[in-house]
Amino acid sequence: MVDGRALWQLIKESHKLDLFFAFVIVLIMDVLCFIRWDMLLKAAEVSVPFKTLLKSFSGGLFFNAFLPTSIGGDVVKTVDLAGHTQKGKEVASTVFLDRLSGYVALVIVVVLACVFGWRYVQDQTVLLSVAFLAGVLICVLLVMFNRRVYSFVNNRLYSSKAGRIRSMITQVHEEIHHLGKKKKALLLNLCLSLVIQLMSPASTYLICRALGFDISFIYFLVFLPIIGAVTLLPVSIGGLGLRDAMTVYFFAKAGLGRDAAFAMSLTGFFITVIFAAAGGLYYVLTLRHRRV
């Protein structure tokens, strides 16, 4: 059980300057995520005005925080922008590749962190978690970009009697494969994703320091990607609860107490909610205008 009073006391007495810097880092991360998606849309030759793209992106931010899994907003921004551009498969492919780019960077960061900082962790659960993340990534990359596996999957998906949804999946799959040939755009996108994946642990590290605890940064590089991947599971709103439990579990290995880990997770989620709420407000205020 988490002590509510102790939790509130930790947050109340936190170092506000560190919290401010954590807040700024999250803001920069959102800006970089916007730029990353815009890069993929341009690579897919989908022309979108800045304001229109910002509206769809803002809606995605909001629903990522308030729908089951931390990717619920991806569906919203896909549908929203596809309705404006009439290029559903192209938009869907960019959203998928945007998420995949982030996942590739996440696995790279956690694997390198484990290699260079294993002496800080040395835990079988962590090793199995990292191996699972890497295994899932390899399977996804093979399905998307390996010619033989791609053809095998597409042949299984294709059918002259296929319904609309199945046909759409096949078309998106083909579009993703086509975008995969634009190496320069994907490389730049991956570099941006690596920066974002390094900034996320940095933000949480600052929150931890703000709460009065100073543990090695390597723990954040190892644990945060694993926790982030777990929140993709559709079992909680925006990963809330699941993320907190995983944060308490993993950071106990770093010597962080239950109350401190829970406070760190909750504070990080609160900062995310601030930006999500701002995005949701902007999305709602422009909804009528978009319909007109």
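Could you list, in sequence order, the residues of the range 109-154 that are over 19 Å from PHE250 (Cα atoms) and among the β-branched types (Val, Ile, Thr)?
Within the range 109-154, VAL136, ILE138, VAL140, VAL143, VAL149, VAL153 meet the criteria.
Output the residues belonging to the range 190-230 that are under 30 Å from GLY88 (Cα atoms) and modelled with pLDDT of 90 or more.
LEU190, CYS191, LEU192, SER193, LEU194, VAL195, ILE196, GLN197
From the list VAL91, VAL75, which residue is β-branched (Val, Ile, Thr) and within 17 Å of ALA185 (Cβ to Cβ)?
Being β-branched (Val, Ile, Thr) and within 17 Å of ALA185 (Cβ to Cβ) holds for just one of VAL91, VAL75, which is VAL91.
Do we find a residue being touching a helix residue (DSSP H, G or I) at 6+ places or on another chain (Cβ under 6 Å), buried (at least 19 other Cβ atoms within 10 Å of the Cβ) and free of Cβ contacts under 8 Å to residues at least 60 places away in the same chain anywhere in the range 92-101?
The answer is yes, given that some residue of the range 92-101 is touching a helix residue (DSSP H, G or I) at 6+ places or on another chain (Cβ under 6 Å), buried (at least 19 other Cβ atoms within 10 Å of the Cβ) and free of Cβ contacts under 8 Å to residues at least 60 places away in the same chain.
Report yes if LEU179 is surrounded by 14 or more Cβ atoms within 10 Å (Cβ to Cβ) and at pLDDT 90 or above, otherwise no.
Judged against the criteria, LEU179 is not a match.
Among the residues in the range 153-165, are any in contact with an Asp or Glu (Cβ under 9 Å, 6 or more places away or on another chain) and modelled with pLDDT under 75?
yes
Could you go through the range 65-77 and let me know if any residue there is buried (at least 24 other Cβ atoms within 10 Å of the Cβ) and within 18 Å of LEU281 (Cβ to Cβ).
Checked against the condition, which is being buried (at least 24 other Cβ atoms within 10 Å of the Cβ) and within 18 Å of LEU281 (Cβ to Cβ), the range 65-77 yields at least one hit.
The values are calculated or read from the model by the stated rules, or taken from the named source; none is laboratory data. Predicted, not measured: the structure shown is a model, and the values here were computed from it. As a convention, Cβ positions derive from the backbone with ideal geometry for all residues, glycine included, and neighbour counts pool all protein chains shown.
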